[in-house]
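Q: Please read through the structure below; I'll follow up with questions.
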Amino acid sequence: MTELPKAAVVRIAKAAGAERIGDEAAAALVAAAEEYIAAVAQKATGIAELCGRVTVKADDIKFAK
């Protein structure tokens, strides 16, 4: 089950220059975005833990990308 709304991902793709997005392409974009977000969040959590924090901060995200 996806967490990101497909419509939001399609809007982002259109803002990036795509004129039309097929249903399968939209689903693939959602899956790819969710995988990327999960990977960055996992790395950022590790960075926060190394700093002795449980709260992830914006700098943790920047370093995790």
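Q: Using a 1.4 Å probe on the protein chains only, how many percent of the accessible area of the chain belongs to carbon and sulfur?
A: Values: 3050 of 5110 Å².
Exposed carbon and sulfur together represent 60 percent of the surface.
Q: I've got another one for you. Residue by residue through the range 11-19, which ³J(HN,Hα) values in whole Hz follow from phi under the Karplus form 6.51 cos²θ - 1.76 cosθ + 1.60 (θ = phi - 60°), with glycine and proline marked x?
A: In residue order, the calculated couplings are 4, 5, 5, 5, 5, 7, x, 6, 7 Hz.
Q: If I take every Cα pair under 8 Å that is 6 or more residues apart in the chain, average their sequence separation and divide by the length, what percent do I get for the relative contact order?
A: Working: 41 pairs, mean separation 17.7, N = 65.
Reported as a whole number, the value is 27 percent.
Q: So with the 1.4 Å probe, I'd like the accessible area per residue for the chain, rounded to whole Å².
A: Details: 5110 Å² over 65 residues.
Result: 79 Å² per residue.
Q: Could you work out the helix-only [θ] at 222 nm for the chain, with each DSSP H run of four or more residues adding -39,500 (n - 2.57) and the total divided by the number of residues, to the nearest 500 deg cm²/dmol? Write out the running numbers ahead of the final one.
A: Values: 3 runs with 45 residues, N = 65.
Per the formula, -22500 deg cm²/dmol.
Q: Test of the criteria: in the range 13-46, which trypsin sites (Lys or Arg not before Pro) are in a DSSP loop and have at most 15 other Cβ atoms within 10 angstrom of their Cβ? Walk me through the intermediate numbers first.
A: Details: sites: Lys14, Arg20, Lys43; in loops: Arg20.
Those that pass, being in a loop and sparsely packed, are Arg20.
Q: I want the local charge near Asp60. Using Cβ-Cβ distances under 12 Å, sum +1 for each Lys or Arg and -1 for each Asp or Glu among the other residues. Mind dumping the intermediate values first?
A: Values: positive: Lys43, Arg53, Lys57, Lys62, Lys65; negative: Glu49, Asp59.
Summing Lys and Arg as +1 and Asp and Glu as -1 gives +3.
Q: Taking θ = phi - 60°, what integer Hz values does the Karplus form 6.51 cos²θ - 1.76 cosθ + 1.60 yield along the range 47-58, in sequence order, with x for Gly and Pro?
A: Listing the rounded values in order: 5, 4, 5, 4, 8, x, 10, 9, 8, 7, 10, 4 Hz.
Q: So what's the convex hull volume per residue for the Cα atoms of the chain, in Å³?
A: Working: hull volume 6.0 nm³, N = 65.
Normalising the Cα hull of the chain by residue number yields 93 Å³.
The values are calculated or read from the model by the stated rules, or taken from the named source; none is laboratory data. Keep in mind the model is a prediction, meaning the values are calculated, not measured. As a convention, Cβ positions derive from the backbone with ideal geometry for all residues, glycine included, and neighbour counts pool all protein chains shown. Just so you know, the surface numbers come from the protein's heavy atoms only, side chains and all, with ligands and any DNA or RNA stripped out. Shrake-Rupley method; radii C 1.70, N 1.55, O 1.52, S 1.80 Å.
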